[in-house]
Amino acid sequence: MSGAITHFFGQAMTGQGIKNVYKEVMNEAKTVYLLKGAHGFKISELLQKLGTYYHDKGAEIEYFHDPLFEQSIEATFVKAPFAILFLAATNPVIEPIIIGDRDQVVSLYDCLDEQKVSSNIPMHSITELKQAYYDKCFDSLSKAIHIHDDWEVETRKSMDWNGLNQQYADLTKQLFGENQLEKSAKLTHRLLGTLTPAGARDTVQSITQNLEKRLFIKGYPGTGKSSMMKKIANEALQRGYDVQLVWCGLDSNSIDMVILPELKFCIFDSTEPHVYFPEKNRSGDEIFDIAKHCHPTEVEENNIKEIVAKYKASIAEATRFAKLFADEERKVREAIDAALNIDEFNKRTAKLFQHL
């Protein structure tokens, strides 16, 4: 019987730059294969095949997608009973940490005819253009974060923190009661979503597919959503429950979801840009309303409308430059694939399918 297949984004394009949690995922694995070189779309095809191969052996699979090309895979994590991570480690650059034991480098550089790549496309000019679009994209995302901070300032003025604290206390009592597990808790990390060339994307439905209880937080920015979720995570860890922190795709310091696997439970920020509501066919879905503790004045609401307009404009600008960047990156990856010695590529990666 095959295990579940779950999809995540491997990297997030945030207001603080590119964020990934691959080093944290590496710590969950018994064996890590870092695939170096030949960074085209053929790597994604290989990672998909590896997932299919081990899924057919009964393993649970996690795929980590590329934010620039949503259908492309950057990493495949083969979970129990194998615990193997296959990671395209050229971009982002990931180096081995436990060399010769857990981490193994698979070099694919010799599979590539570099002269053929440079003769097929003007690599120097494309690289300069990519960098310009990259810088403009992240400048816009940085602006969006600062605008978002202004938004939070307005909502905090009208927040009833005592009301939120009582709601949090009621939730923790409901979740844990007096329970204390007699084991060491495990903490893992994933990403909820990211900006892509097509706008904000997430994999909420895949991430939560096997959970029985989902709480959908509804509340304004700056009203304590992320802080409350961090408190829930810390409480769970202290009580011996495993926790998965699922990080925000815009603000790299913010949490958008907490999963408690042993309780088959999650709580997440279901407001923009990942708006979700309870589903009728899932009895464990509920709204967790903290907006009821926030009552902005008419003046504050007008200020918020102006801030929201600026914020959306900045995100739209970032999305436009992300698309331009991806268009140039596609040319590079296609040229790399065209210059790849497929026989040598297959020869060097064949051993990855034999780890039984």
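The values are calculated or read from the model by the stated rules, or taken from the named source; none is laboratory data. Owing to the predicted nature of the structure, the values given are computational and were not obtained by experimental measurement. All Cβ positions, even for glycine, are placed from backbone atoms using ideal geometry, and neighbour counts span all protein chains on display. With ligands, DNA and RNA removed, areas are computed over all heavy atoms of the protein, side chains included. Shrake-Rupley method; radii C 1.70, N 1.55, O 1.52, S 1.80 Å.
Among the residues making up region 1-19, those that are under 9 Å from the mean Cα position of the chain (by Cα) and either in a loop (DSSP other than H, G, I, E, B) or not aliphatic (A, V, I, L, M) (or both) are Phe8, Phe9, Gly10, Gln11, Lys19. Restricting region 56-67 to residues that are of a type outside the set (Gly, Ala, Ser) and buried (at least 20 other Cβ atoms within 10 Å of the Cβ), the residue that is nearest to Ala38 (Cα to Cα) is Asp66. Within region 13-69, the only residue that satisfies the criterion of being at pLDDT below 95 and among the acidic types (Asp, Glu) is Asp56. Residues in region 234-269 that are among the small types (Gly, Ala, Ser) and either surrounded by fewer than 23 Cβ atoms within 10 Å (Cβ to Cβ) or at positive phi (or both): Gly240, Ser252, Ser254. The set of residues from region 115-143 being over 19 Å from Asn341 (Cβ atoms), touching a residue at least 60 places away in the same chain (Cβ under 8 Å) and not in a helix (DSSP H, G or I) is empty.
Check region 164-172 and report whether any residue there is assigned to a helix (DSSP H, G or I), touching a His at 6+ places or on another chain (Cβ under 9 Å) and farther than 16 Å from Leu250 by Cα. The answer is yes, given that some residue of region 164-172 is assigned to a helix (DSSP H, G or I), touching a His at 6+ places or on another chain (Cβ under 9 Å) and farther than 16 Å from Leu250 by Cα.
Among the residues of region 309-333, just one is of a type in the set (Phe, Trp, Tyr) and within 27 Å of Leu112 (Cα to Cα), namely Phe325. Taken over region 113-138, the residue count meeting the criterion of being under 30 Å from the mean Cα position of the chain (by Cα) and surrounded by 15 or more Cβ atoms within 10 Å (Cβ to Cβ) is 9. Does Ala313 satisfy the criteria of being surrounded by 20 or more Cβ atoms within 10 Å (Cβ to Cβ) and over 28 Å from Lys186 (Cα atoms)? Answer is no for this residue.
When Asp251 is tested against (1) at pLDDT 95 or above; (2) under 18 Å from the mean Cα position of the chain (by Cα); (3) not hydrophobic (A, V, I, L, M, F, W, C), only condition (1) is not met. Cβ-Cβ contacts under 6 Å between residues 6 or more apart (or on different chains), taken from a first residue in region 284-313 that is in contact (Cβ under 8 Å) with a residue 60 or more places away in the chain to a second residue that is in a helix (DSSP H, G or I) and open to solvent by 60 Å² or more (accessible area, probe 1.4 Å), are listed as Ile307/Asp150. The single condition from (1) over 19 Å from Gly249 (Cβ atoms); (2) at pLDDT 95 or above that Gly224 fails is (2). Candidates in region 72-92 are the residues that are hydroxyl-bearing (Ser, Thr, Tyr) and outside any strand (DSSP E or B); of these, the one that is most open to solvent (accessible area, probe 1.4 Å) is Thr90. Yes or no: Gly193 touching a His at 6+ places or on another chain (Cβ under 8 Å) and either modelled with pLDDT of 95 or more or surrounded by 19 or more Cβ atoms within 10 Å (Cβ to Cβ) (or both)? Judged against the criteria, Gly193 is a match.
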